[in-house]
1. Do we have residue 62 as under 26 Å from residue 169 (Cα atoms) and outside any loop (DSSP other than H, G, I, E, B) here?
2. What are the residues in region 42-67 that are within 17 Å of residue 117 (Cα to Cα) and surrounded by fewer than 19 Cβ atoms within 10 Å (Cβ to Cβ), if any?
3. Could you grab me the full set of residues in region 1-33 that are of a type in the set (Gly, Ala, Ser) and buried (at least 20 other Cβ atoms within 10 Å of the Cβ)?
4. For residue 24, which of the numbered conditions (1) without any contact (Cβ under 8 Å) to a residue 12 or more places away in the chain; (2) of a type in the set (S, T, N, Q); (3) over 18 Å from residue 154 (Cα atoms) fails to hold?
5. Quick test for you: out of 79, 28, 38, 13, pick the one residue that is over 23 Å from residue 169 (Cβ atoms) and touching a strand residue (DSSP E or B) at 6+ places or on another chain (Cβ under 8 Å).
6. Test of understanding: among 58, 18, which residue is within 20 Å of residue 154 (Cα to Cα), aliphatic (A, V, I, L, M) and in contact with a helix residue (DSSP H, G or I) (Cβ under 9 Å, 6 or more places away or on another chain)?
7. Can you give me the number of residues within region 125-166 that are modelled with pLDDT of 80 or more, part of a strand (DSSP E or B), out of contact with any Asp or Glu (no Cβ under 9 Å at 6 or more places or on another chain) and of a type outside the set (D, E, K, R)?
Amino acid sequence: MSANDGDLVDRMAKKHSVSPAAVQVVLAALRRGGGRMAQFSHADFGGMSQWSPGMSMVGEMFNTQLKAKLDALFSDLAAHLDTSETAGGTRAEAAVSYRSPTRSDDWWPAGLGRPGAVGAQNDLRYAVFPETRRLVIDDQGTVSVYDTGSHRIFGVAQAQSADRTLTFTSQDGLVRIADLPKVSG
């Protein structure tokens with residue numbers, strides 16, 4: 001945390017009615033994610049939480065007020081990072097570490113655009129592409145692409161059972177991979 005963060009943390013904590021410690025955790029996670037995505041755990045947001053533009057998930061899965069609070073805090077902090085850290089190089093360098101269409105470490109097929117959300121656990125990972133309405137799953141090296149249709153995916157859950165089931169949440173409720181048309185893979 002830089003010397004200038006103290007004032008920002010205090011202002012954001014008051015504005016969004018969360019503890020300064022929660023803002024510090026969120027700010028650190030946002031910086032690690034290049035200002036475009038974050039994953040962290042804090043009690044003020046119900047435990048494990050994720051954020052990227054257009055997608056937020058809090059530990060209390062169906063708490064829409066808490067989710068809105070998280071979204072507002074992240075939006076304010078991301079805007080602050082965009083304006084305050086670009087000149088110093090921190091934001092620009094961090095943005096390069098976020099997946100771009102030309103990066104060789106992008107594991108999904110080319111031409112899908114920039115993902116709205118990316119996640120992984122163990123040897124299962126996913127990327128959601130809202131603009132092209134695609135969901136890409138990499139299961140132990142087997143990459144499959146699904147058409148999300150009218151679903152705007154904003155939440156992800158992964159069961160830790162033997163079948164490692166992934167489920168997603170959209171404006172229409174729970175979305176199972178088996179319910180989506182497979183495009184390739």
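1. Judged against the criteria, residue 62 is not a match.
2. 48, 53, 54, 59, 61
3. 22, 29, 33
4. (1)
5. 28
6. Result: 58 is the single residue among 58, 18 that is within 20 Å of residue 154 (Cα to Cα), aliphatic (A, V, I, L, M) and in contact with a helix residue (DSSP H, G or I) (Cβ under 9 Å, 6 or more places away or on another chain).
7. The number of residues fulfilling the criteria is 8.
The values are calculated or read from the model by the stated rules, or taken from the named source; none is laboratory data. Since this is a predicted model, take the numbers as computed values, not measurements. Neighbour counts run over all protein chains shown; Cβ positions are idealised from the backbone, glycine included.
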